[in-house]
Each structure stands twice: as structure tokens, then as C-alpha cells.
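Working notes for the structure below.
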DNA sequence: CGCATACTTGAGCGAAATCAAGGCCTGTGG
DNA sequence: CCACAGGCCTTGATTTCGCTCAAGTATGCG
């Protein structure tokens, strides 16, 4: 019986990181390998339809309108997904990190752009081969349906945020969600690393950079968060933060 | 060999309407049956996990926070899906009509409420039985993944609308999309029936009822649309409407 | 006919956008 | 080592788009 390490060694794909991670309840798709029971022939098949690549910070690996040839699974780093209007207005629809999928929401052409905000390592699947992958690994198709369902829930929550919440509530919602994700998927609760700029935050929350900055200051003055010198955040009163996010009580 | 009509007659489910409709490119999930090759035993199985019901206008068939027992497929009528904040603010995340699915974006509990804005006839599936349905009809699972992907695309487009578009652009986008849907899925292009109230429209577009009304008047004064005496709409200059929607050129 | 519901329009207000200035950190070159 | 440029962020002043408050119109129903 092969060790995980040996299998990883045989494949151009690094199996010690999730190729097809599972859905971790509460935090979305992250960190749970599905690949423990793969035979050698399965590995060879996967290697023929998937390739691991690196995308440097600032570079795009999918562009809205381009032919959607690939489907991605992020292994390391963070990327932003965004849609743009002709006059330059931008809406970031999500940030994706290790374990997340990119390209579920695709037609023949990408309906979004994906850009690395840190160096990203990812696994790239040929979309034309996806049917083949599904029939060989039915569990993957099932998993993807779960992932897609979860993404729909998140998307609808974001619509509520964009359509109906105030600037402070938007910021509080984002920090609340991001810190939960960090706690569930890594640990350290004291300082929360924000790999995205204030501009990214603004484009994600439907605000301007100035309003983001002011809302952060307001949360800081209320003693709910602290802003570290390197512009990261630490959550001082998680419960109060959550109450603001939910427009609570 | 059984006729479609005979099969319909044998089942409590009306098979002449789509139980599991296909994905009609461009218009989303609508009107295309998947049920032409079903054996009698399959029909009996479907009848054991699904039931056709009616929901009267104004009534909810799913409530946010309730245990998500069912999965729905709309056969007739229109419903709104919405999320609410404790203080009464409401965001409608979508309108669903014949052929659409409700409950894809569900965890153990519903993360949205669904309410009929016209009398609705729907087919109700036990979610605990869905796995069984999928293994008996793999095509359904595949179809649902396509539907979920398409809904993600639509959701991201709506995020762009809510986060970055002006009131007039929002209205133009909605009317543009709704009229395309109407043209693709039924025909008559002259008068566009809007089954939802101005309040619904406002809650869908992240605006107030007054702003919706003013934006409609503005589009009317620009000669892009006409508003009929019964508050429906007819699109006079579709191209101009589309340009406004896309903040175009 | 009277009332309720839904929609439209106007006036004034306010939250966030825009415009503008200044601070802080990093890297680069003298 | 310091000087300076360029990001990135914060804060202040002013403007604006859409919200709130208010009044009036139209339609449908008992």
C-alpha cells in the first residue's frame, strides 16, 4: 500500500495538498483531501487532465469574456474574482484561497476575471475533460454540487450586504466572516491578516476606499476591533462585531 | 410503449410539465423535460419522494431558519426568494418561475424565504431522498450542477448591479434581463408583464419604492420604455435599454 | 360610494461619494 | 546615512444621489 508521500512523488500534482478538497462545514471548501483511495491508473488519468501552476501576484489567470478552457483549484495564496463595467467600475465577487474552486460559475466564456493578490499555486483542469473526471470519480461531482450550493448561499448573503446594509455593517460583516474563516481554517485568533488592499475591500463591499477607511476607524473608536500598524486587524469584541454585522437586536 | 399523457395519468406528478427541466441556454432552467425515458418503476419511485402542491399568492413555502426538508421545482406561477434583517430591511435574491429550482442554496436549514407572488404550482422533493434520486437518475445530478453554475453567474451579475450600478442602470438591467427571459421563454415582445409590485422591485434592486418609480419615469421620459396603465412595461428601444444597463459606450 | 392598496411626484435631508490634503512605510539612489 | 518618490492609507470639506417624509392620483373591491 502506497504512502501519501509516495503518491505525491509519482504525480506532477502535489497530492499532499488537496486536489479535490472536501466541503468543511461552516468554512466552505477547504483542506480535506478526497484522494486517499486513488489507484495508480487514477493518478495517471488525473495527471493527464490537470496541471499544477504558479501565478505571480498581480497576474490574472482568468479574464472575463475569454474562452473558459480551465477550471481551477487553489492550493496556496489568495486571488480575487471580479467583474468590471466599461467605465472602470469594479465589483469583486469574492476572495478565494487554498481549497477553493474557481470556474464553477462559467459558461463557454468566463463571466468574471481572476487575479492573484498574492503568489498563487493552483491546480488547473481542462474543462472539456471534466465530464470524464466526473464519470471516473462520481464523488467529485457530488462534492462540486455541494460546493456550488454553498457558494450560492454565500452569494445571496452578499446580495443582502450590498443591497441593504450600511457601510459599518458591511465592514463588520466582512471582518466577522473573514475571522471565522481564519479561526476554522488555521487557528490564530489574535491578529487577522488581510491580504487584500483597502481598494479591494471597497470593490468587494460596494463602497469607496475612503468610506472603508472611515468605517474601520469607527469600529476602532467603538473598541470593537484594533487596527495594527501594518493595516491588519484584530477583533477585540467578536460578539459586538457580529451584532453590528447582523444589524442585531 | 407508453405515451407521455398516459404516464402523466399514472403519476400524482404531472409529467406533462417539467419535473426536472433542462437548462435552456441563455434563459436558464426552463421548460425542457428530462422524463421521456422513464420506466414504470422509476415513476413509482419519483411518486414516493415527490409531490405536487399548490401555494396560494402571499403564502410562503420555505422560511429562513426552518429545517430544510424540501427541495422545489416550480411548475407554474412566480415566487420571490428573500432574506431579511432583524429590523425589517429585506433583500430579494431572485424571482423564480416555471422550471426554476428552489432549495439548491440550502444547508440543513433554509438560508432564505420563498413566497408566492402569484398562485404557484410546484413539485416538492424530500431532500433526504435526493441522494437516492441522483443515483437512480445521474442525469439529474449533472443537470443540477449546470443549474447551480448558471445561478452563480446570475448571482455574481446581481452583485455587480447592487454594488456598483446607479438606480437607472439597475432598473434598465432588470427590465433588459426580464424581457430577454420573456422573449426566450414564451414570446410576445410588445408588453412585458411584471407580476411583482414596485416594493418587490425595490427590494430586489437595493432601492426604495420611490426611487424605482422615479427611475421608471426617467426611462419613460427618455423614450426607452413605456409604462402601461396597469403598471406593466413595454420596451420601446431595446438597444438603448441594454446600453444603459451595461453603463455602455 | 368609501376605503384600501399600489403607484407617482415633490421637498428636504443624510449617508456615502468625490475632491483634496497630509501621514506613514518601503525602496532606491545619491 | 539621508533625501526623495511612490504606494497605500487616513482624515477633512464639500457635493450628490438616493432616502425619508409628505401629498396626491389611480385602481380595485366590498
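Which residues, taken from the stretch B:193-215, are within 24 Å of residue A:91 (Cβ to Cβ) and in contact with a helix residue (DSSP H, G or I) (Cβ under 6 Å, 6 or more places away or on another chain)?
B:201, B:202, B:205, B:206, B:207, B:208, B:211, B:212, B:215
For the stretch A:98-109, name all the residues that are farther than 21 Å from residue B:150 by Cβ and either facing chain B (nearest Cβ under 7 Å) or crowded, with 22+ Cβ neighbours inside 10 Å (or both). Steps first, please.
Step one: list which residues in the stretch A:98-109 are farther than 21 Å from residue B:150 by Cβ, which gives A:98-99.
Residue satisfying the conditions is A:99 alone.
Quick check: anything in the stretch B:141-152 assigned to a helix (DSSP H, G or I), modelled with pLDDT of 95 or more and more than 14 Å from chain A (Cβ to nearest Cβ)?
no
Is it the case, given these coordinates, that residue A:85 is surrounded by fewer than 20 Cβ atoms within 10 Å (Cβ to Cβ) and either in the same structural domain as residue A:209 (by TED's automatic domain parsing) or modelled with pLDDT of 95 or more (or both)?
For residue A:85, the condition - surrounded by fewer than 20 Cβ atoms within 10 Å (Cβ to Cβ) and either in the same structural domain as residue A:209 (by TED's automatic domain parsing) or modelled with pLDDT of 95 or more (or both) - is met.
Taking only the stretch A:194-208 into account, find how many residues are within 14 Å of another protein chain (Cβ to nearest Cβ) and free of Cβ contacts under 8 Å to residues at least 60 places away in the same chain.
So the count comes out to 6.
Looking at residue B:190, is it outside any helix (DSSP H, G or I) and either in contact (Cβ under 8 Å) with a residue 40 or more places away in the chain or more than 10 Å from DNA strand C (Cβ to nearest atom) (or both)? Even if it seems obvious, please write down each step before you answer.
Values: outside any helix (DSSP H, G or I): yes; either in contact (Cβ under 8 Å) with a residue 40 or more places away in the chain or more than 10 Å from DNA strand C (Cβ to nearest atom) (or both): yes.
Yes: the conditions hold for residue B:190.
Which condition number does residue B:156 fail, the rest of (1) within 14 Å of chain A (Cβ to nearest Cβ); (2) farther than 30 Å from residue A:131 by Cβ; (3) touching a strand residue (DSSP E or B) at 6+ places or on another chain (Cβ under 8 Å); (4) more than 10 Å from DNA strand C (Cβ to nearest atom) being met?
The number of the failed condition is (2).
Residue B:240: away from DNA strand D (no atom under 16 Å from the Cβ), at pLDDT 95 or above and away from chain A (no Cβ under 14 Å), yes or no?
So residue B:240 fits the description; yes.
Could you run through the stretch B:193-249 and say how many residues are part of a loop (DSSP other than H, G, I, E, B), over 24 Å from the mean Cα position of the chain (by Cα) and within 11 Å of DNA strand C (Cβ to nearest atom)?
Going through the stretch B:193-249 one residue at a time, the tally reaches 1.
I'd like to check something: does the stretch B:120-134 contain any residue that is surrounded by fewer than 16 Cβ atoms within 10 Å (Cβ to Cβ) and farther than 19 Å from residue B:104 by Cα?
No, the stretch B:120-134 has no match at all.
Among the residues of the stretch A:161-193, how many are at pLDDT 95 or above, within 14 Å of DNA strand D (Cβ to nearest atom) and away from chain B (no Cβ under 12 Å)?
Residues that pass the stated criteria total 5.
Being touching a helix residue (DSSP H, G or I) at 6+ places or on another chain (Cβ under 9 Å), within 16 Å of DNA strand C (Cβ to nearest atom) and touching a residue at least 12 places away in the same chain (Cβ under 8 Å) narrows it down to one residue among B:144, B:104, B:130, B:162; which is it?
Being touching a helix residue (DSSP H, G or I) at 6+ places or on another chain (Cβ under 9 Å), within 16 Å of DNA strand C (Cβ to nearest atom) and touching a residue at least 12 places away in the same chain (Cβ under 8 Å) holds for just one of B:144, B:104, B:130, B:162, which is B:162.
The values are calculated or read from the model by the stated rules, or taken from the named source; none is laboratory data. If you're wondering where the values come from, they're calculated on a predicted model, not measured in any experiment. Here the Cβ is made from the backbone with ideal geometry for all residues, glycine too, and neighbour counts use every protein chain on show.
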